[in-house]
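Notes follow once the structure below has been shown.
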Amino acid sequence: MVLDTFKDGIDAVLHPESIKKPAKTVGDALALYYQFSVIPLVLLVVVAAGAGFALQGVMAATGLVSGFSGSWTWILAAAAVMYMWGLVPIGLLVFSVVFHWIGKGLNVYKGGFEATFTAAVYGMFLPLAVLWLTVLPVIGGLIQLVAFIWSLYVLVVVMSNVHKNTRVETFVNLVATGFVVMLVAKLVMGWVAIGLLGVVIGPIVGALVTTFHASLPVVSAV
């Protein structure tokens, strides 16, 4: 089943116009994502484990560690699993919520949220399939860039098919979504920066005020 899902996913990436119907539910679309991601995840874990052994070897050769404990291997492998089976699905859900909300606001989407999420899942297939190649210097980055550009095309085509609207309308919605996401990210980063500034500056100001009061002469009451 996993291999068949992966093959069907690659075929959908190569021929996105063939995807006409969305998944019945968001859960079905999410299950499709996890089934497709098994093979890319295995490849990514293998690459991460190899990178962990390589890093452990460099650290041992330079005297930073005494032996091959394998800790870095497990850490990188766990990070790969967390990224592909945790962060990416959450990101797809958040992106789909914003994308669907804007599409409904522009009155260009006729389908439900499951249609939007299904298209987002299909759009993520190619970047997932080649993610393990990022270990290659330069070439890996170029492959990811090409995969990202093609994934946008897949997203637009599948989204327009499942929502029964034009590709131009979908593309406009994609641009609007990207603008909103960047704006929200900028605001969040600003709030985080202000919060961190307060955490750093607050104690400093408090210490200065305390020092200033301590340096004032004590006036006794008459």
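Shape summary: the range 104-191 maps onto an equivalent ellipsoid whose semi-axes, from the alpha-carbon gyration tensor, are 26, 19, 11 Å in decreasing order. When you count the other C-beta atoms within 10 angstrom of each residue and take the mean per peptide, 120-131, 89-100 line up highest first as 120-131, 89-100. Couplings for the range 141-156, taken from phi via the Karplus curve 6.51 cos²θ - 1.76 cosθ + 1.60 with θ = phi - 60°, read x, 5, 4, 5, 5, 4, 4, 5, 4, 5, 5, 5, 5, 4, 4, 5 Hz in order; Gly and Pro are left as x.
The loop-placed trypsin sites (Lys or Arg not before Pro) in the range 100-171, going by DSSP, that have at most 13 neighbouring Cβ atoms within 10 Å of their Cβ come out as 110, 164. The modelled label-to-label distance between residue 186 and residue 78, using points 7 Å beyond Cα along the C-beta direction, is 3.8 nm. Residues in the range 97-109 carry Karplus couplings, in order, of 4, 5, 4, 5, 4, 5, x, 5, x, 7, 6, 10, 10 Hz; the curve used is 6.51 cos²θ - 1.76 cosθ + 1.60 with θ = phi - 60°, and Gly or Pro positions show x.
Placing dummy labels 7 Å off each Cα toward the beta-carbon, the span from residue 97 to residue 31 is 2.4 nm.
Values quoted throughout were computed directly from the atomic coordinates according to the rules given, and no laboratory measurement underlies them. Only a predicted model underlies this, so the values are computations on that prediction, with no experimental measurement involved. Don't worry about glycine lacking a Cβ; one is built from the backbone with ideal geometry, like all the others, and counts go over all protein chains shown.
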